[in-house]
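Chemist: Handing you this structure, nothing more for now.
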Amino acid sequence: MVALGFSNTMALQRVFITGIGAISPNGLGREEFWSNTRQGKSGVRKISRFDCSGQPVQIAGEVVGFDPLAYLSAKDLEGTGLATPYAIAAAGEALEDARLDWKSMDLDALRGVSVYVGSGGGNQEFTERQYSLYYSGQQKKCSVYVIPSSTLGTLASEISMQYGFRGLSHMFSNGCTSSTDAIGYAFRAIKHGEAEFVVCGGVDAPIAPLTLRGFQLLRIMSTGSNDAPGRASKPFSANRDGFVLAEGAWFFVMESEESAIRRGVPVYGEIMGYGATCEAFHRVRLEEVGIEPARAMQLAMREGGLVPADIDYLHYHGTATHLNDRVETTAVKLAFGEHANRMPGSSVKSMIGHPQGACGAASLATTLLAMRDGFAPPTINLDEAAADCGLDYLPNVGRPLAIKKAMVNTIAFGSKNAAIAIGTADSV
């Protein structure tokens, strides 16, 4: 019989986050990402990877200065896209931050580490390159890995293989709620004793010509700030005109309270509850009433034993599209009642753009670091809030804020909604 390699007790476990890693348009590494975020520095810039001249959208939240060869060999990189080294890098930083020495683990211990990854499209830019080669008559140049690298599940496998983890290796692809759902399921796995550690997060690398064109056709992208990229993403603003496509990876080490205490490691915070719903309404449009996003937030609070007045800070989905910002504001008012008018919140998308399925992980990293430092970051480019967006979005300047409990909210195509409630480790 094979030993499981982790404790599988019946008692419900508290779930702590002990490591964070980030590869972001506004910073490589957790601390650079956070420093620039709290200062309100934008990572949105002119697209450099392909020619966008003459196109309605010429900007994106590109990761710059990242060396994929520091994480994969040149040969390995020929068979995959940028999402793979982004994920490996962010996961590696989270492991180091959590002091989880995977190299010294025996086989049984490695079997107790699972990998849960959320991604909207995975290695989309790699797949587009393969299509381009094929349809331009250069079939012989197509990668032998065109199929596995175009399959989302291989992203989780790449992390598992890189670090030798033998637990579950699962992918979640639910559009913009992908990484929120991955984190929620990782939380449940540890809570119910199915894993001792989960390396969990989100990654996307969608900055490619066809993907950019597809979003343009939906008429939901910002087109008015090509000459001022840093001003393009304007969540909740009266003059918002759409989201900015972005990329990146944000990962965490999650473990049981029992494990964190035994290892004696610092804790960023605790996952307290997870809620997810579906409106069953439309492929891309939100239902105007906001009931199901509100219910997702209420479910997360209920699992964590929380009431609206407990929440000190809300990280908004905040895409800067007219419909999303309006409906999300409505949903927050429904979920929190009068407390919504007193509760500050912000959207990191104002600084990095929208990294698709990785956005929930980016939001969680932002919120945990805000909690650590007692400082809520701003929503930049918010000079005048829209009439239908009347809450405290921390416009342009962050503020000191003691955050004991917080909420991360996400909304996705296909009527999906997901939210996570978190707290400091000593908040219950």
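The values are calculated or read from the model by the stated rules, or taken from the named source; none is laboratory data. Quick caveat, the model's predicted, so the values are computed rather than measured. Cβ coordinates were reconstructed from backbone atoms using ideal geometry, including for glycine residues, and neighbour counts include every protein chain displayed.
Chemist: Mind checking which residues of segment 150-173 are among the polar types (S, T, N, Q) and at pLDDT below 95?
Modeler: Once the filter is applied, which keeps residues that are among the polar types (S, T, N, Q) and at pLDDT below 95, segment 150-173 yields S150, T151, T154.
Chemist: Looking at segment 388-402, which of its residues are in a strand (DSSP E or B) and crowded, with 16+ Cβ neighbours inside 10 Å?
Modeler: P395
Chemist: If you scan segment 244-267, which residues turn out to be in a loop (DSSP other than H, G, I, E, B) and out of contact with any strand residue (DSSP E or B) (no Cβ under 8 Å at 6 or more places or on another chain)?
Modeler: G264
Chemist: When you scan segment 240-271, how many residues do you find that are under 27 Å from Q124 (Cβ atoms), in contact with an Asp or Glu (Cβ under 8 Å, 6 or more places away or on another chain) and acidic (D, E)?
Modeler: Residues meeting the conditions: 1.
Chemist: Inspect all residues belonging to segment 345-358 and state whether any of them is of a type in the set (D, E, K, R), touching a Gly at 6+ places or on another chain (Cβ under 6 Å) and not assigned by TED's automatic domain parsing to the domain that holds E32.
Modeler: yes
Chemist: Does E125 satisfy the condition of being among the acidic types (D, E), within 22 Å of V267 (Cα to Cα) and either assigned to a helix (DSSP H, G or I) or touching a helix residue (DSSP H, G or I) at 6+ places or on another chain (Cβ under 7 Å) (or both)?
Modeler: No.
Chemist: Inside segment 147-156, can you point out the residues that are in a helix (DSSP H, G or I) and either without any contact (Cβ under 8 Å) to a residue 24 or more places away in the chain or not hydrophobic (A, V, I, L, M, F, W, C) (or both)?
Modeler: I147, P148, S149, G153, T154
Chemist: A further question on this structure: Let me confirm something: among Y116, Y131, Y86, which residue is surrounded by fewer than 19 Cβ atoms within 10 Å (Cβ to Cβ) and among the hydroxyl-bearing types (S, T, Y)?
Modeler: Y131
Chemist: Identify the single condition in (1) at pLDDT 95 or above; (2) hydrophobic (A, V, I, L, M, F, W, C); (3) over 21 Å from S363 (Cβ atoms) that M297 does not satisfy, given that it satisfies every other one.
Modeler: So M297 meets the others, but not (3).
Chemist: Tell me whether segment 226-243 contains one or more residues that are part of a strand (DSSP E or B), touching a strand residue (DSSP E or B) at 6+ places or on another chain (Cβ under 6 Å) and either buried (at least 24 other Cβ atoms within 10 Å of the Cβ) or not β-branched (V, I, T) (or both).
Modeler: Yes.
Chemist: Moving to a separate point now. Using the structure shown, decide if Y274 is out of contact with any Asp or Glu (no Cβ under 8 Å at 6 or more places or on another chain) and not small (G, A, S).
Modeler: no
Chemist: Looking at segment 130-146, which of its residues are out of contact with any helix residue (DSSP H, G or I) (no Cβ under 7 Å at 6 or more places or on another chain) and assigned to a loop (DSSP other than H, G, I, E, B)?
Modeler: Listed by number, the residues that qualify are S136, G137, Q138, V144, Y145.
Chemist: Which fully enclosed helices (runs of 4 or more DSSP H) of segment 294-387 have 2 or more residues being surrounded by fewer than 24 Cβ atoms within 10 Å (Cβ to Cβ)?
Modeler: 322-336, 359-373
Chemist: State whether one or more residues within segment 195-215 are among the aromatic types (F, W, Y), assigned by TED's automatic domain parsing to the domain that holds W102, at pLDDT below 95 and touching a strand residue (DSSP E or B) at 6+ places or on another chain (Cβ under 6 Å).
Modeler: There is at least one residue in segment 195-215 that is among the aromatic types (F, W, Y), assigned by TED's automatic domain parsing to the domain that holds W102, at pLDDT below 95 and touching a strand residue (DSSP E or B) at 6+ places or on another chain (Cβ under 6 Å).
Chemist: Taking G54 as the residue in question, decide whether it is crowded, with 23+ Cβ neighbours inside 10 Å, modelled with pLDDT under 95 and out of contact with any Asp or Glu (no Cβ under 6 Å at 6 or more places or on another chain).
Modeler: When the stated conditions are applied, G54 does not pass them.
Chemist: Find the residue count for segment 157-185, including only residues that are within 14 Å of S114 (Cα to Cα) and part of a helix (DSSP H, G or I).
Modeler: So the answer is 11.
Chemist: Restricting to segment 88-105, and then to whatever is without any contact (Cβ under 8 Å) to a residue 40 or more places away in the chain and either among the charged types (D, E, K, R) or assigned by TED's automatic domain parsing to the domain that holds A358 (or both), can you tell me which residue is nearest to L69 (Cα to Cα)?
Modeler: Residue satisfying both the conditions and the ranking: K103.
Chemist: So which of E288, E270, E303, E292 ends up being at pLDDT below 95 and among the acidic types (D, E)?
Modeler: E288
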